[in-house]
Amino acid sequence: MKEAYIAAKERWAKKMSGLARSTPRSDNRLPPGQRQVHNFPVLDLGVKPEIGPDRWELKIGGQVENPVTLSWTEFLALPQFKDISDFHCVTTWSQYDMAWEGVSFFTLADLVRPKPAATHVFFKSYDGYSTNNPIGTLMDDDVLIAHSWNGAPLPVEHGGPARVIVPKRYAWKGAKWIREITFMDRDILGFWELRGYSNTADPWTEDRFS
Ligand SMILES: Nc1nc2c(c(=O)[nH]1)N[C@H]1C(S)=C(S)[C@@H](COP(=O)(O)O)O[C@H]1N2
Ligand SMILES: [Mo]
């Protein structure tokens with residue numbers, strides 16, 4: 001885990017410095033049981049919360065040395081990160097080359113400094129949604145809180161002002177309209193994880209349901 005963490009952070013540091021572009025795209029990029037789309041479908045719980053930048057805040061706390069509550073201005077003042085990745089939804093659609101811009105998870109972790117006890121992270125959204133991930137899944141060079149997509153502010157239906165992107169997991173592991181990030185010393189299940197979806201959610205092994 002330590003070695004994987006260092007390797008991922010090194011890949012990320014190269015991206016931040018402009019020395020590396022996003023991971024080169026291979027031909028073999030469609031996970032089993034998926035089909036490619038070009039229209040970026042919308043999936044939600046029937047609520048699209050309208051949180052203007054003036055009311056928006058992101059609380060990051062739990063098992064950390066330095067809990068913070070970021071305003072929109074403070075969030076945008078953090079080092080900015082651009083990355084291109086593929087997006088896989090458990091309902092069998094995938095969309096390639098999604099260009100995201102925002103703040104990488106490494107940057108947020110460096111800011112709040114997770115305690116050694118932190119093993120998992122719980123995400124809560126403005127629409128009441130939640131999801132959970134092991135900390136190791138998030139400490140990767142392609143994980144970020146995105147405020148822009150394909151060069152424009154993230155539309156409300158896709159989670160604007162800001163959403164979590166975890167490209168190596170099915171998309172339900174990325175919370176739209178992110179409101180709170182809590183570092184935990186244990187795993188607790190989120191909205192879909194409590195309702196029959198896999199807790200690990202790896203598209204490459206078709207790990208869809210629990
Ligand atoms: N807050 C919130 N985040 C969410 C969801 C949701 O309903 N609410 N749906 C999840 C699911 S199931 C998927 S597939 C993706 C869909 O993102 P999209 O609507 O931008 O395609 O968001 C995920 N994040
Ligand atoms: Mo989904």
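What follows is calculated from the coordinates using simple rules that are stated; it is not laboratory data. These figures come from a predicted structure and were not determined experimentally. Heads up, the Cβs are rebuilt from the backbone with ideal geometry, glycines too, and the neighbour counts pull from every protein chain shown.
Taking 143, 47, 64 in turn, the Gaussian network model of the chain (Cα-Cα springs below 10 Å) assigns the largest fluctuation to 47.
Just checking the listed ones, 141, 185, 27: in the Gaussian network model of the chain with Cα springs under 10 Å, the one fluctuating most is 27. The order of 120, 158, going from fewest to most other C-beta atoms within 10 Å of their C-beta, is 158, 120.
Of the Cα atoms belonging to the chain, the radius of gyration and Dmax stand at 16.0, 43 Å. Binning the C-alpha pair distances of segment 90-131 at 10 Å intervals from 0 yields a P(r) profile of 17, 33, 40, 10 %, listed from the shortest bin outward.
Restricting the calculation to Cα atoms, segment 47-171 yields a radius of gyration followed by a Dmax of 14.1, 40 Å. Only Cα pairs within less than 10 Å get springs; with that Gaussian network setup on the chain, which residue of 146, 118, 77 has the largest fluctuation? Evaluated over the chain, the most mobile residue of the options is 77. Would you mind checking which residues have amide H under 5 Å from residue 191's amide H? H placed 1.01 Å from N; only 5 or more apart, or other chain. HN-HN under 5 Å from residue 191: 130, 131.
Take the alpha-carbon centre of segment 132-180, take the same for segment 67-94, and report the distance between them in whole Å. Their Cα centres are 4 Å away from one another.
Dipole check for the chain: with +1 at the C-beta of Lys and Arg, -1 at the C-beta of Asp and Glu, and the Cα centre as origin, the magnitude is about 140 Debye.
Dipole magnitude for segment 74-184: about 380 debye, using +1 per Lys or Arg Cβ and -1 per Asp or Glu Cβ, origin at the Cα centre. Using the Karplus relation 6.51 cos²θ - 1.76 cosθ + 1.60 with θ = phi - 60°, the per-residue 3J(HN,Hα) values for segment 149-158 come to 9, 6, x, 9, x, 4, x, 3, 5, 9 Hz, with x marking Gly and Pro.
Each 10 Å bin, from zero up to the one with the longest distance, holds this percent of the alpha carbon pairs of segment 33-111: 14, 32, 37, 17, 1.
Using Cβ point charges alone (K and R +1, D and E -1), the dipole size of segment 157-210 about the Cα centre works out to roughly 160 debye.
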